[in-house]
Each structure stands twice: as C-alpha cells, then as structure tokens.
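First up is the structure itself, then whatever we jot down about it.
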Amino acid sequence: MKWFDAFFERTSRRAAQQVSRRSSLVGIGRLLVGAALTLPVLPFDRVARAADAPPGKKKEPDDGQCDYWRYCALDGFLCSCCGGSVSTCPPGTEASKVAWIGTCRNPKDGKDYLISYNDCCGKNSCGRCLCNFNLGERPAYRMGLHNDINWCMANTSTMFHCTTAVLVGEAEKAS
Ligand code: ABN
C-alpha cells in the first residue's frame with residue numbers, strides 16, 4: 001500500500017500548490033448548492049404513490065386497515081394492500097363492471113354514504129388484508145344484497161384480485 005500513500009501524498013501536495021483555499025471553498029460551495037437544487041428534481045419513480053393519492057386527493061391514513069369506515073360491507077382483499085388504493089385497481093387489473101353497493105357511516109361527519117365495492121379483475125387473488133364486513137348484507141338468494149360474490153363475473157377476465165371501496169355519494173335519508 002506504500003505506492004497508494006505516495007500517490008495520494010503527491011496528488012494532495014500538487015493540488016495544494018496549484019489550487020488556492022478560496023477557489024476550493026468556491027468549488028465545494030458550488031457542489032453543495034448544485035446537489036441541493038438537483039436532487040429533489042431527479043426523476044424518482046412515484047407511480048405507486050400517485051396511484052394511492054391522485055392529485056388533489058389526500059390518501060386517508062387508515063385505508064389499509066379493515067376497520068376503515070368505508071369497508072363496512074367489504075368482503076375481499078383490500079386493494080390498498082395490493083398495489084392499488086381504496087378507490088383504484090392495482091396496475092394490470094381492471095375494475096369489475098358490476099359491483100355490490102353498501103351504505104357506511106363516516107364517523108367524521110356522522111353521515112351515511114353509498115359505497116361501491118368493485119372487485120379488481122385480471123390477476124389471481126392478492127392474498128393480503130382480507131376483510132369481511134357485511135353491514136346490510138342478506139343471504140345469496142337476494143343476489144343484489146349479497147356481497148360474497150365474485151363481481152368479476154361480467155369482465156373479460158373473471159379472475160378476482162382485490163376489492164376497492166369507491167365513494168358514490170351521500171345516502172338519501174329514508175322517509
Ligand atoms: N367480492 C369479493 C369476492 C370475490 C370472490 C369470491 C367471493 C367474494
């Protein structure tokens with residue numbers, strides 16, 4: 001390793017003779033400012049995050065948990081745990097053409113909302129975050145009120161991957 005030490009000693013001495021302290025400080029300063037300006041705009045892949053929170057819409061903190069209010073009648077794997085979000089299908093899957101509609105109460109404002117539980121179709125079961133809540137569900141002979149159904153049945157690919165909970169709107173009050 002002697003040659004290594006000698007090489008660095010020679011190079012450092014030459015640099016010290018040729019470069020003033022001021023110009024090396026200027027160089028280091030430029031490097032720091034350049035890094036601070038360039039690093040935040042480098043093209044990191046933010047696709048996954050973008051799918052979770054479309055522009056202008058904040059991702060809700062607990063939508064990866066079964067007890068999130070919108071999942072009150074969801075039977076399936078949460079798309080939030082499968083590369084999608086509470087209301088978007090993961091890449092490579094498509095939303096079911098038919099869905100089960102539930103009514104859930106938002107604890108923040110105490111109002112009831114219609115939620116469309118669309119399955120995401122085209123890939124085999126995600127297998128993560130299985131939730132099974134059945135508020136308002138009825139046995140299978142009332143098919144429209146039954147949620148234990150593969151809603152991919154009307155899609156080109158009937159493979160079920162996960163389930164989203166899309167907010168449709170405020171529920172009308174029964175008169
Ligand atoms: N809607 C979710 C689901 C898919 C397949 C079978 C049962 C339930």
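Since every read-out is calculated from the coordinates, none of them should be taken as a lab result. In this text, all values refer to a predicted model and were calculated from it rather than measured experimentally.
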| said: Given 4 °C and 1.567 mPa s, compute D for the range 69-170 with the Stokes-Einstein relation, Rh being the Kirkwood radius over Cα pairs; round to the nearest whole µm²/s. | reply: 97
| request: Give the long-range amide H neighbours of Asp75: residues separated by 5 or more places, or on another chain, with amide H under 5 Å away, using H modelled in the peptide plane at 1.01 Å from N. | output: Phe133
